[in-house]
Amino acid sequence: MQVSDSKRDYTNAAQGYYNLSTVAGLAPEEAHKLFDLGLVCAILAPSGPRKDRNLALILKDERVKVSEHFDLVNKFATGSVIKPSQTKKFEAKLQVHQQIRFSDGYTSLDKALIEHNMRVLSKIYLNITFEELGNFLGISSDQAETIIAKMIGEQRVTGKLDQIN
C-alpha cells in the first residue's frame, strides 16, 4: 500500500489500507492508523466510481465517526460542493509526497477537489459553459475544458462537449 501511496495511485492505496485495517488480530492502534491512511488516500484519489466505492466503505465503518476528517469525507461521499477553504485542516496533515505540486500547478488534493466539484456540478447543470465552470471552480476556462474532457474520456463523468471544433 505504501508503494501505491508513494506512486500517487491513491485509489488502490485506499483500498489496500482499508482492507489491512480490517484484518483480524491487528492491534487496535495499528488498525486505526491504517484506516486513517486509507481515508486520506480515498480523498486524494481521482474522482470516479472506484473512489465512490472506497468512500462508501469508509463512511459505513464506525471508525470514521472519530476521525478528525469525518466532515470532509462525508462531503466527498455525499456529493456536496466543497470549497478549498474547507480542506485547509486536511491539507496540513498530508505527507510531503502528497503535497507535491505537479507541472500543471495543482496538487493531488487540488485535483481531487476540482474533479469532485465537477462531478457534483454535472448532476446539477444540463448545460454549462467552460467559462462558467471555470469561474465556479476558481480555474480558467481552458483548464476546466481540459480536466472535464479527460474525465469524460476516462468515463469518470458522463457528459458531452458541444463545441464546433
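The values are calculated or read from the model by the stated rules, or taken from the named source; none is laboratory data. As the structure is a prediction and not an experimental result, all values here were calculated from the model. Glycine also receives a Cβ, built like all others from the backbone with ideal geometry; neighbour counts cover every protein chain displayed. Protein only, heavy atoms only, side chains kept; ligands, DNA and RNA dropped before computing areas. Shrake-Rupley method; radii C 1.70, N 1.55, O 1.52, S 1.80 Å.
Of note:
- The simple spin-label model puts a point 7 Å past each Cα toward its Cβ; for ARG50 and GLN155 those points are separated by 1.3 nm.
- Net length gained if the chain between LEU26 and GLU91 were fully extended (0.36 nm per residue, minus Cα distance): 20.6 nm
- Filter on LYS51/LYS93; LYS88/LYS150; LYS7/LYS150; LYS51/LYS89; LYS33/LYS75; LYS89/LYS123 - keep pairs with C-alpha separation over 24 Å: LYS88/LYS150; LYS89/LYS123
- Each of the peptides 132-140, 37-45 was scored by the mean count of other Cβ atoms within 10 Å over its residues; in descending order, highest first, they stand as 37-45, 132-140.
- Distances between every pair of Cα atoms in the chain, grouped in 10 Å steps from 0 to the bin holding the largest one, split as 10, 39, 34, 14, 3, 0 percent.
- Accessible surface of region 27-144, 1.4 Å probe, proportion on carbon and sulfur as whole %: 54
- Legend: Rg and Dmax of region 68-114, from Cα coordinates, 11.0, 31 Å.
- Distribution of pairwise C-alpha distances over region 86-165, 10 Å bins, in %: 17, 48, 27, 7, 1
- In plain terms, the chain from SER6 to ILE100 could stretch by 32.7 nm, reckoned as 0.36 nm per residue minus the Cα-Cα distance.
- Counting heavy atoms of the protein chains alone, ARG8 has an accessible area of about 80 Å² for a 1.4 Å probe.
- The Cα atoms of region 1-59 cover 32, 23, 13 Å along the three principal axes, with the biggest extent listed first.
- Each Cα pair under 8 Å and six or more residues apart adds its sequence gap; the mean of these over the residue count of the chain is a relative contact order of 17 percent.
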